[in-house]
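Beneath this line is the structure, given in structure tokens, with notes to follow.
Derivation of every value follows stated rules applied to the coordinates shown; laboratory data play no part. As the structure is a prediction and not an experimental result, all values here were calculated from the model. No Cβ is skipped: glycine too gets one built from the backbone with ideal geometry, and neighbour counts run over all protein chains shown.
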Amino acid sequence: MKYFFIITNQSKDENLRITEYIRNYLERHGKKCDIAEYQGNADKNGALDAKDYVCRIPEDVDCCIVLGGDGTMLQASHNVLGRDIPILGVNLGTLGYLAEVEKSGIDDALMRLLNEHYVIENRMMLSGVMRDDVRDEALNDIVIARKESLQVISFNIYVNGMFLNNYHADGMIISTPTGSTGYNMSAGGPIVEPGAQMILLTPICPHTLTTRSIVLSADDTVTVEIAAGRDDAVLRAEASFDGRNGIEMKTGDRIEVTRSRQTTQILKLSQISFLEVLHRKLV
């Protein structure tokens, strides 16, 4: 690798101190390195939101180094979609599963990177299609949640065209194995090894005592339909892809979710197993 591109959540790296350190390190070792320009809107405190991060990645970039938390990594996965560019995460957040490198291990990580002591994991993504051929991709999850407060949504779930179940819940999470440690885990869903190939279906706050998550084959097609409410009331929800692009849905609308043809390339430097990482994060 000769050309590196750094994407930083600037609200977590004051004055780009760590970002500049990494660039200087790489340039001292004869590598080319550029820093993404932030094109979002700052909040009242001057902080920049990773979800608003829009950057143009040069054509000949070999690797993206992402500084922030899992949210920044998810945004970066969309920045490199279809580009076959691996991303390496440096965790500047709190509980990061996607961002492997901690601040204390940056020097060792850069040395391993330059010596090509790494593996690249191809992580499964999801593709969601709605009305009018509205389509997007997700590395973590596609979430359909209530749009109005204190309103329970009725969901009809179909798998490969066959009716599975009706859920009354605050929302539904369709997750990849990578996303199993995100919203899915918070909603009580199963934790899955991120290299696995499967689709997880987890209701959010279901109004029942017996509802459980369902694990499906990665080759299945999951259709989520917004059903009518009590007395045929029109229910309104919102679909988001990795927390982005909230798309309004109402009774009668459907979203069809399948395994995407795209993958995200995650660069892994350590030989630590997923179970050991999980143990460290959960303790």
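For the range 66-164, the alpha-carbon radius of gyration amounts to 1.45 times the rule-of-thumb value 2.2 N^0.38 Å expected for a compact globular protein. Counting lysine pairs in the chain that sit 8 or more residues apart in sequence, or on different chains, and whose Cα atoms lie under 26 Å apart gives 25.
Computed from Cα positions, the angle between helix 17-28 and the longest principal axis of the chain comes to roughly 50 degrees. With loop membership from DSSP and a limit of 14 other Cβ atoms within 10 Å, the longest segment of the chain without GluC sites (Glu not before Pro) is 149-283.
In debye, nearest 20: dipole of the chain around its Cα centre with unit charges on the Cβ of K, R (+) and D, E (-)?
Here the chain has a charge dipole of around 280 debye.
Taken about its Cα centre, the range 126-261 carries a charge dipole of roughly 160 debye when the Cβ of each Lys and Arg holds +1 and the Cβ of each Asp and Glu holds -1. Dipole orientation for the chain: of the candidates Val159, Thr263, Gly68, Gly68 has the Cα lying most toward the positive pole (charges on Cβ; Lys, Arg +1; Asp, Glu -1). The 3J(HN,Hα) values that the Karplus relation (6.51, -1.76, 1.60; θ = phi - 60°) gives for the range 125-138 are, in residue order, 10, 10, 10, x, 10, 10, 4, 6, 6, 5, 9, 7, 10, 8 Hz. Gly and Pro appear as x.
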